[in-house]
Amino acid sequence: MKITDIHHIAIICSDYDRSKTFYVETLGFTIIKETFRAEINSYKLDLKVGENGQIELFSFPNPLQRFSSPEACGLRHLAFKVDNIDETVFYLNSQGIETENIRIDEITGKKFTFFKDPDNLPLEIYEN
């Protein structure tokens with residue numbers, strides 16, 4: 001067996017329109033396909049991330065809440081590569097999105113920081 005890449009990451013949101021705006025308009029991901037599944041009153045939005053990656057953004061009526069923090073047990077966070085972290089932080093802050101202080105990865109020497117999506121999910125930006 002050989003795993004060759006990550007295909008997608010699935011996110012369930014509490015407010016579809018708010019999250020769609022965040023991921024498409026604020027973060028700039030391209031819509032691949034948007035599907036409304038009437039039988040379960042749910043949207044599925046496929047978003048292109050980079051060359052090969054995808055985010056599947058789901059909405060469901062009354063989704064369960066999950067404790068979420070970068071240090072919580074389970075999936076830690078979702079990280080995105082950026083070319084210039086200072087410009088990206090400035091942009092996010094100008095959109096009303098709070099970011100943590102920029103830190104330096106002690107292993108790679110690269111800059112990184114965290115911010116949150118509309119459902120308080122931890123997201124990271126990591127400088128190339």
For this session: Taking the residues in the range 1-46 that are exposed (fewer than 12 other Cβ atoms within 10 Å of the Cβ) and in contact (Cβ under 8 Å) with a residue 40 or more places away in the chain as candidates, determine which candidate is farthest from GLU98 (Cα to Cα).
Result: ASP5
For this session: Can you work out which of the residues in the range 115-128 that are assigned to a strand (DSSP E or B) and among the aliphatic types (A, V, I, L, M) is farthest from PHE22 (Cα to Cα)?
Result: ILE125
Exercise. Does THR99 meet the test of being without any contact (Cβ under 8 Å) to a residue 12 or more places away in the chain and either out of contact with any Ser or Thr (no Cβ under 8 Å at 6 or more places or on another chain) or not assigned by TED's automatic domain parsing to the domain that holds GLU51 (or both)?
Worked result: no
Seminar exercise, completed: Scanning the range 93-114 for residues that are surrounded by fewer than 17 Cβ atoms within 10 Å (Cβ to Cβ) and closer than 20 Å to THR21 by Cβ gives ASN93, SER94, GLN95, GLY96, GLU98
Seminar exercise, completed: Within the range 47-67, residues being surrounded by 11 or more Cβ atoms within 10 Å (Cβ to Cβ) and under 18 Å from ASP119 (Cα atoms) number 9
For this session: Inspect the range 109-122 for any residue being touching a residue at least 60 places away in the same chain (Cβ under 8 Å) and charged (D, E, K, R) and give the result as yes or no.
Result: yes
Exercise. For the range 1-88, which fully contained strands (runs of 3 or more DSSP E) count at least 2 residues that are at pLDDT 90 or above and among the β-branched types (Val, Ile, Thr)?
Worked result: 9-13, 30-37
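The values are calculated or read from the model by the stated rules, or taken from the named source; none is laboratory data. Since we're looking at a predicted model, the values are computed, not measured. Quick reminder, even Gly has a Cβ in these numbers, built from the backbone with ideal geometry, and neighbours come from all protein chains shown.
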